[in-house]
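Here the structure comes first, spelled out in structure tokens, and everything after it is commentary.
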Amino acid sequence: MTDELIKFIQDQLSVWPMASANFRSMKAADVRDLTVGGIPVKAQLNPCRIGSTTAVVDKEAVAARPCFLCVPNRPKEQFHLKFDGRKGRRYNVQVNPFPIFPNHLVIARDVHVPQSVWHNFVDMMDFARCYPEFLVFYNGPHSGASAPDHMHYQAIPTGLLPLQNAIDRWLDEGQTPLATGQDAKLYHFPHFCRGVYALRSDTPKSLAKLFYRLVDCCPIIGDEPEPRLNLFTYCYKEEYRCFVVLRGAVRSHHYYSQGPDHLTMSPGAADMAGLFVCPLKADYDKLSGPLLEEILDEVCISPEDEKMVAWRMTRHQSKVDVPIAEGDEIVFEMISDGAGPQRVSLSEGRICYGGALYDELYFDSVTRSTVFAPASFIIYGAEPRRYAGSIRFTVEGGTIRASNHIGIENYLLSKMSEELSPDLPLEETKKEVIRRRTEIMAETEHQEYKGLTIEILTNVRQAVDLTWGQQNQ
């Protein structure tokens with residue numbers, strides 16, 4: 001399969017003079033070895049990257065220009081291979097006409113949809129498995145992507161990124177994971193810069209679950225659709241591996257400075273993996289290990305947010321049982337199994353379900369979350385209600401009773417959103433959340449609530465997250 005890809009690249013460059021010239025220029029580019037954050041890295045002088053480095057990617061500018069990843073807007077010389085992702089997603093595999101690496105590819109969705117890490121990670125892993133000599137990487141829409149309006153990732157030969165090589169050596173020495181999930185493990189890499197995490201697994205499903213758990217624990221800035229990050233995945237021996245670098249900013253102050261500290265550098269995935277690309281020689285000549293560490297310090301995740309990610313990944317919550325419905329018949333639906341609405345009914349003093357009788361039924365949630373779990377089931381009635389957690393059916397007092405087995409923090413999230421005002425200041429909201437958590441932990445019976453059917457208040461979400469587990473003394 002890899003031979004097919006190499007032949008495609010050669011055929012493309014044979015008929016596209018501009019891309020061919022840029023690949024030749026890239027091969028002859030000046031490269032220097034430096035040390036940043038305790039690992040060896042490289043700096044590359046690459047004039048053909050000036051367009052990407054200086055690209056304006058705010059909403060207005062992106063909306064005003066034609067998308068260069070859509071087929072009708074591409075150069076007439078550019079063609080592509082097809083790659084099938086999962087669930088009907090299809091991609092166009094294209095040569096990157098402004099390369100940083102040999103055999104540098106862009107894998108773009110064949111429809112114009114926004115750049116997003118959600119649901120697309122498994123396709124990246126499938127590409128890496130299909131072409132195991134390639135590493136696949138992703139720039140978030142606010143983390144270096146020059147086409148944030150069109151879903152795409154990129155592929156390069158594996159082993160060319162200094163951070164990948166440093167992480168592989170480090171993992172092979174044997175390390176203690178920060179978190180685990182099924183056969184997947186997540187590690188915090190302590191070198192290079194803040195916010196570097198490595199993951200490994202035997203299966204793409206387990207790796208994807210742990211990766212999205214990490215994403216769920218990362219900060220989101222404003223109304224952006226996802227955390228700021230750069231993502232890399234590849235096959236290493238028999239494992240699936242990936243690493244993530246969490247971001248806090250798109251560019252450092254050097255890019256905007258009008259003074260002697262100006263640098264025309266806009267860190268994308270390559271830079272955040274140890275290959276620092278500079279399009280101008282005057283700037284390239286300034287580069288040093290300390291200067292690059294200063295850039296990384298400004299664009300990577302803050303120390304406070306990094307601590308918060310670790311806390312979210314490792315913390316736990318007590319569980320409570322909350323009554324949510326009762327009657328001779330209850331209609332419910334487990335969202336994840338795709339079976340649609342199901343029915344339990346009272347028969348001979350027991351629970352009738354699927355033609356059999358039970359004393360008790362328990363449907364577990366497949367979603368595990370260290371932040372806030374999404375809805376996992378629906379109870380149908382006059383008003384359908386969505387709930388996180390698991391559901392238990394029992395017979396009490398001659399009727400079927402449904403209770404929600406849920407983490408106390410998820411229960412608080414909904415319950416306090418019912419009780420508090422969205423205008424209550426955060427510090428006051430935190431006090432109320434701690435007071436209510438203390439009461440709940442002392443109660444033996446818990447109040448019925450509306451689950452995730454109601455609007456979850458922003459101040460309540462922040463307060464529960466920041467006071468997780470805290471009680472009044």
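A short reminder: the numbers here are calculations on the coordinates, not readings from a lab. Predicted model only: the values in this text are computed from it and were never measured. For neighbour counting, all protein chains shown are included, and Cβ atoms are generated from backbone atoms with ideal geometry for every residue, glycine included.
For the reader, a short list of remarks on this structure follows.
- Taking the DSSP beta bridges with both ends in the chain, the antiparallel portion is around 95 percent.
- Among 436-443, 16-23, the peptide with the highest mean count of other Cβ atoms within 10 Å heads the list, and the full ranking is 16-23, 436-443.
- Ordering of 465-473, 445-453 by packing [mean C-beta count within 10 Å, highest first]: 445-453, 465-473
- More than 37 angstrom apart: percent of Cα pairs within the chain: 37
- Each principal axis of the Cα cloud of region 315-466 was taken in turn, and the coordinate range along them, longest first, works out to 52, 32, 31 Å.
- Our coupling estimate for region 461-473, obtained by passing each phi through the Karplus curve with A = 6.51, B = -1.76, C = 1.60 and θ = phi - 60°, is 4, 5, 5, 5, 4, 6, 10, 2, x, 7, 10, 6, 7 Hz, Gly and Pro reported as x.
- Taking 7 Å steps out from each Cα toward its Cβ at GLU60 and LEU346 produces label points 6.5 nm apart.
- Distant-in-sequence amide H partners of ALA145 (H built 1.01 Å from N, under 5 Å): GLY140
- Sum of side-chain charges, ARG247 neighbourhood, beta-carbon under 14 Å (Lys, Arg +1; Asp, Glu -1): -4
- Above-threshold pairs, the threshold being 21 Å between Cα atoms, out of LYS42/LYS286; LYS87/LYS185; LYS7/LYS27; LYS319/LYS415; LYS82/LYS237; LYS82/LYS185: LYS87/LYS185; LYS82/LYS237; LYS82/LYS185
- 3J(HN,Hα) couplings calculated from phi for region 319-328 with the Karplus curve 6.51 cos²θ - 1.76 cosθ + 1.60 (θ = phi - 60°) are, in sequence order, 10, 10, 10, 10, x, 10, 6, 8, x, 6 Hz; Gly and Pro show x.
- Site pair ARG32 and ASP84 shows an inter-label distance of 4.9 nm when each label is modelled 7 Å from Cα along Cα→Cβ.
- For the chain, the mean residue ellipticity at 222 nm estimated from helices alone is -8500 deg cm²/dmol, where every DSSP H run of n ≥ 4 contributes -39500 (n - 2.57) and the total is divided by all residues, rounded to the nearest 500.
- Look at the alpha carbon pairs under 8 Å that are at least 6 residues apart: their mean separation over the length of region 315-466 gives a relative contact order of 27 percent.
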